[in-house]
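The next block holds one structure in the form of structure tokens; read it before the comments.
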Amino acid sequence: NTISCLPRSFEYSQKNAVLVPAATLGVGGMLLYWLRSGRKIKTIDMGDGWWGSGERPLKGKEDESIRPFKIETSDREIEDLHQRLDHFRFTPHVEGAAFHYGFNSSYLRKVVAYWRNQFDWRKQVEVLNKYPHFHTTIEGIDIHFIHVKPSYVPHGRAVQPLLMVHGWPGSFYEFYKIIPLLTEPARHGLNEGDVVFEVICPSIPGYGFSEAPHQKGFDSIATARIFHKLMNRLGFKEYYLQGGDWGSRITTNMAQMLPQSVKGLHLNVVFINKQGLGRMISIMLGAYVPWLVGLSREDARRFYPFVQKNVYDVLRESGYLHIQATKPDTAGCGLNDSPVGLAAYILEKFSTWTDKSFLHKDDGGLESKYSLDELLTNVMIYWVTSSIVSSMRYYKENFSKDPNLNAYSRYGIYVPTGIAAFPQEILHTPRVWAKDVYKNIITYSYMPRGGHFAAFEEPKLLAQDIMQFVRKVEQL
């Protein structure tokens with residue numbers, strides 16, 4: 001019996017001699033693959049889209065030409081505006097209300113009088129046309145952008161392309177004060193010209209002079225893809241990105257989609273919507289022992305009292321968001337028909353989002369940071385393009401797919417990132433939280449002053465921060 005077993009056991013040992021190393025190799029290989037794939041950066045699939053009216057044409061390539069564009073106005077447009085302003089129906093304000101009920105109607109009277117009698121839209125159109133404007137068709141819709149190159153580049157100096165993306169209720173015009181600081185820094189005493197940019201500011205589709213999508217579902221992912229296509233069409237392989245508000249989400253999605261094209265990402269607001277027990281504990285402990293949960297003294301100052309700053313203030317400031325994320329077309333049609341309604345709706349945000357304490361001022365503090373010409377120019381961009389409804393729809397398209405706006409937070413951002421945290425921003429995101437998503441933070445700055453509309457309100461501070469960030473990235 002024993003003898004008859006010998007050849008069999010010999011067979012087994014031979015098999016084992018082959019099988020064990022093979023199995024070891026297999027398991028080892030799988031382990032190695034698993035380890036490496038764990039390190040592989042997960043990216044958002046770029047996909048494709050069609051936003052023109054009707055079906056996508058089967059034949060023929062899209063017209064990829066870049067066409068110069070000029071903003072124009074007419075007597076008819078101005079007369080129509082003046083007639084509507086003349087018929088403004090005034091609502092008396094509640095005494096002592098300041099901006100607690102929204103836009104103070106007595107101050108609104110002053111704004112409307114200025115708009116009707118002193119504001120010169122023709123002059124502002126000339127200001128807007130100071131930079132070169134273009135249109136190009138991408139995915140069936142016309143995309144508007146301005147593209148500003150430096151007038152002088154010191155010998156041997158690389159010009160960095162920078163895409164800057166606005167949000168709601170802003171526009172490409174928000175960047176008019178920061179553009180010269182970035183394209184001609186030496187002339188503005190910012191540096192000796194070691195970092196020089198050419199700046200591209202597109203209008204988000206449905207905003208300003210970019211055509212509105214004709215199909216449902218146009219969200220920040222579609223915008224990110226279109227803006228990558230735009231930069232590609234302009235001949236850029238690699239570029240820097242900068243954004244606040246929706247621009248922050250769009251540029252973040254761009255970094256998650258094609259990290260190889262993004263040299264660096266600079267944001268002046270960061271949205272991190274992580275919930276769970278760990279986050280709750282860190283919020284509770286942070287009030288007493290901030291250092292224990294990675295918060296700095298400044299984080300604690302900006303963050304607490306927690307319920308006041310992160311619940312009450314946010315609820316008070318986000319009523320518009322609930323309307324726009326659910327029924328944008330209903331509220332929008334009134335704003336699109338009444339210039340005064342439009343101005344009140346938009347300019348109220350330029351008050352409380354610039355500084356929370358402006359709630360207590362009868363004029364909303366508006367003219368302490370901006371001129372009425374600047375504010376009304378931004379409103380006019382919405383008015384003459386009839387874009388308020390399509391701009392509001394952007395909330396519906398994004399929130400209906402992703403109610404917490406965190407579906408893409410699992411795609412870590414590994415491109416070099418710079419964050420400028422402005423003290424009056426609606427939500428403060430500490431660096432330790434930002435690191436959950438932005439894995440490669442090169443600079444994180446607690447800005448000394450300023451709020452939500454950073455480029456418009458504090459152009460010099462923002463420009464300095466962008467430059468400091470890019471300088472560091474270029475040295476990596």
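The values are calculated or read from the model by the stated rules, or taken from the named source; none is laboratory data. The model shown is predicted, which means the values in this text are computed figures rather than measured ones. Here the Cβ positions follow ideal geometry from the backbone for every residue, glycine too, while neighbour counts run over all protein chains shown. Remember, those area values only see protein heavy atoms, side chains included, never the ligands or the DNA or RNA. Shrake-Rupley method; radii C 1.70, N 1.55, O 1.52, S 1.80 Å.
For the stretch 388-407, state whether one or more residues are of a type outside the set (Lys, Arg) and within 15 Å of Glu174 (Cβ to Cβ). Before you say what the answer is, go through the steps one by one.
Let us first name the residues in the stretch 388-407 that are of a type outside the set (Lys, Arg), namely 388-392, 394-395, 397-400, 402-407.
Now drop any that are not within 15 Å of Glu174 (Cβ to Cβ), which leaves 391.
There is at least one residue in the stretch 388-407 that is of a type outside the set (Lys, Arg) and within 15 Å of Glu174 (Cβ to Cβ).
Collect the residues in the stretch 402-427 that are of a type outside the set (Asp, Glu), modelled with pLDDT of 95 or more and more than 17 Å from Lys42 (Cβ to Cβ), keeping them in residue-number order. So that I can check it myself, show each step before the final result.
So in the stretch 402-427, the residues of a type outside the set (Asp, Glu) come out as 403-424, 426-427.
So of that shortlist, the ones also modelled with pLDDT of 95 or more come out as 413-424.
Residues satisfying the conditions are Pro416, Gly418, Ile419, Ala420, Ala421, Phe422, Pro423, Gln424.
Kindly indicate the residue of the stretch 351-375 that is within 24 Å of Val127 (Cα to Cα) and among the hydroxyl-bearing types (Ser, Thr, Tyr) and also nearest to the chain's Cα centre (by Cα) among those meeting that condition. Quick ask: steps written out before the conclusion?
Going residue by residue through the stretch 351-375, those that are within 24 Å of Val127 (Cα to Cα) are 351, 354, 366-375.
So of that shortlist, the ones also among the hydroxyl-bearing types (Ser, Thr, Tyr) come out as 351, 354, 368, 370-371.
Working: Ser351: 19, Thr354: 16, Ser368: 25, Tyr370: 21, Ser371: 24 Å.
Only one residue tops the list, namely Thr354.
Of all residues in the stretch 152-170, those that are of a type in the set (Ser, Thr, Tyr) have Cβ atoms under 9 Å from Cβ atoms of residues that are surrounded by 13 or more Cβ atoms within 10 Å (Cβ to Cβ), 6 or more apart or on another chain, in Tyr152/Glu184; Tyr152/Ala186; Tyr152/Arg187; Tyr152/Gly193; Tyr152/Val196.
Return the residues of the stretch 59-73 that are over 14 Å from Thr385 (Cα atoms) and assigned to a loop (DSSP other than H, G, I, E, B); say none if nothing qualifies.
Restricting attention to the stretch 59-73, the residues satisfying the condition of being over 14 Å from Thr385 (Cα atoms) are 59-69.
Lys59, Gly60, Lys61, Glu62, Asp63, Glu64, Ser65, Ile66 - these are the residues of the stretch 59-73 that are over 14 Å from Thr385 (Cα atoms) and assigned to a loop (DSSP other than H, G, I, E, B).
Counting only helices (runs of 4 or more DSSP H) that sit completely within the stretch 384-476, those holding 3 or more residues that are under 23 Å from Ile283 (Cα atoms) correspond to 431-434.
Check Leu181, Leu190 and return the single one that is open to solvent by less than 40 Å² (accessible area, probe 1.4 Å), in a helix (DSSP H, G or I) and over 28 Å from Thr385 (Cα atoms). Give the derivation first.
Details: Leu190 fails: in a helix (DSSP H, G or I).
Going through Leu181, Leu190 in turn, the sole match is Leu181.
Residues in the stretch 139-163 that are of a type in the set (A, V, I, L, M) and loosely packed, with under 13 Cβ neighbours inside 10 Å: Ala158 only.
Would you check if Gly170 is out of contact with any strand residue (DSSP E or B) (no Cβ under 9 Å at 6 or more places or on another chain) and open to solvent by 10 Å² or more (accessible area, probe 1.4 Å)? Let's see the steps before the verdict.
On the way: out of contact with any strand residue (DSSP E or B) (no Cβ under 9 Å at 6 or more places or on another chain): yes; open to solvent by 10 Å² or more (accessible area, probe 1.4 Å): no.
In short, no.
Taken as a whole, the structure leaves Val270 outside the set of residues that are surrounded by 14 or more Cβ atoms within 10 Å (Cβ to Cβ), in a helix (DSSP H, G or I), at pLDDT 90 or above and of a type in the set (A, V, I, L, M).
Can we say Val293 is surrounded by 12 or more Cβ atoms within 10 Å (Cβ to Cβ) and either touching a strand residue (DSSP E or B) at 6+ places or on another chain (Cβ under 7 Å) or at pLDDT 95 or above (or both)? No.
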